[in-house]
Amino acid sequence: MELKKLKTVLNSQQRQWVGNGFFVHGIVRPTKDLQKHISPFLLMDYASPKKFTSTEKPRGVGMHPHRGFETVTLSYQGEVEHRDSSGGGGVIKPGDVQWMTAGRGIVHDEFHSHNFSQQGGQFEMVQLWVNLPKKEKMTAPKYQGYSKKQIPNLILGQSGNLRLIAGKYKDQHGPFFTFTPINMYDLSTRQEEEVSFRFKNGSNTLLLIRRGSLSWEKATYDKKNVLVFEQEGEIINLKLSRDFEGLILNGEPINEPVVAHGPFVMNTQVEISQAIADYQAGKMGQL
Ligand code: MN
């Protein structure tokens, strides 16, 4: 079986505010060159650890729409409270994952929870945008939320853990439903570990480093880097440092045109114009 090679390493030292609650490294974006190598993933925003002071008025992002894809929110520190027009909602606490399918259209808001806002403290989160294939872009909105306890926590190497969020690892399955084949693992170690993953030939694989470092051939990569692997090959061997934490995303690429405009991701410009018109006409619902 062939080893996968490293395609590129992405990072973004600069941070930008999303609303007033999320100070993120916009590490992954669906640019023309990159799109093919990250699909079905579109975007990754990493809110690296940041301390927030206590406040009565929760910080976050007010009401906005989405159509044509899914947002996945993983909390590591702090809490996010979410409401959407399909009736989905809840508080995403550390270790919890929320998977929102915008499909034909949703309106939502995303704020720090009341509890976290009042107490203040460290905040760390990842938000992913996952594309939908053409035939599912207008699917009914859907909401999946699983708590830390509901996500299988498996053994990785000698001292590590693998949280199986979606897809398969060995003979186990993650709880989240996905429209296209996706594997999503949260990794952590205590000691140095040499680990190996096997993914389908032709699939795309990304790895975000949140803590610690990993060695790949002669190079070492540390936090806030995303490694993007080649589609060819099946095996990824990694040497992880002690106290490593990272997120692996793997998925079968959706080989369809991507036209992204703000909160909408469709296949054509005409569909984007329709999305804007439908949102303005109130067809994506309200809170
Ligand atoms: Mn949103």
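Miscellaneous remarks
- Of the residues examined, residue 169 is not one that is crowded, with 22+ Cβ neighbours inside 10 Å, hydroxyl-bearing (Ser, Thr, Tyr) and more than 16 Å from the ligand (Cβ to nearest atom).
- Residue within the range 245-261 that is farther than 28 Å from residue 32 by Cα and surrounded by 14 or more Cβ atoms within 10 Å (Cβ to Cβ) present: yes
- Pairs meeting the criteria (first residue in the range 100-123 and under 15 Å from residue 62 (Cα atoms), second residue within 16 Å of the ligand (Cβ to nearest atom) and among the charged types (D, E, K, R), beta carbons under 6 Å, at least 6 apart or on different chains) are 106/84; 108/84; 109/83; 111/81; 112/59; 113/81.
- Those strands (runs of 3 or more DSSP E) of the range 46-163 in which 3 or more residues are more than 15 Å from the ligand (Cβ to nearest atom) and over 17 Å from the mean Cα position of the chain (by Cα) occupy 153-156.
- Residue 284, sole failed condition from (1) among the aliphatic types (A, V, I, L, M); (2) in a loop (DSSP other than H, G, I, E, B); (3) touching a Ser or Thr at 6+ places or on another chain (Cβ under 6 Å): (3)
- Hits in the range 58-82 (condition: charged (D, E, K, R) and either touching a His at 6+ places or on another chain (Cβ under 6 Å) or at pLDDT below 95 (or both)): 59
- Subset of the range 28-51 (residues that are among the β-branched types (Val, Ile, Thr), in contact with a strand residue (DSSP E or B) (Cβ under 8 Å, 6 or more places away or on another chain) and surrounded by fewer than 20 Cβ atoms within 10 Å (Cβ to Cβ)): none
- Residues (of a type outside the set (A, V, I, L, M, F, W, C) and over 23 Å from residue 206 (Cα atoms)) located in the range 109-133: 109, 110, 112, 113, 114, 115, 117, 118, 119, 120, 121, 122
The values are calculated or read from the model by the stated rules, or taken from the named source; none is laboratory data. It should be emphasised that the depicted structure is a prediction, and the values quoted were computed from it without experimental measurement. Heads up, the Cβs are rebuilt from the backbone with ideal geometry, glycines too, and the neighbour counts pull from every protein chain shown.
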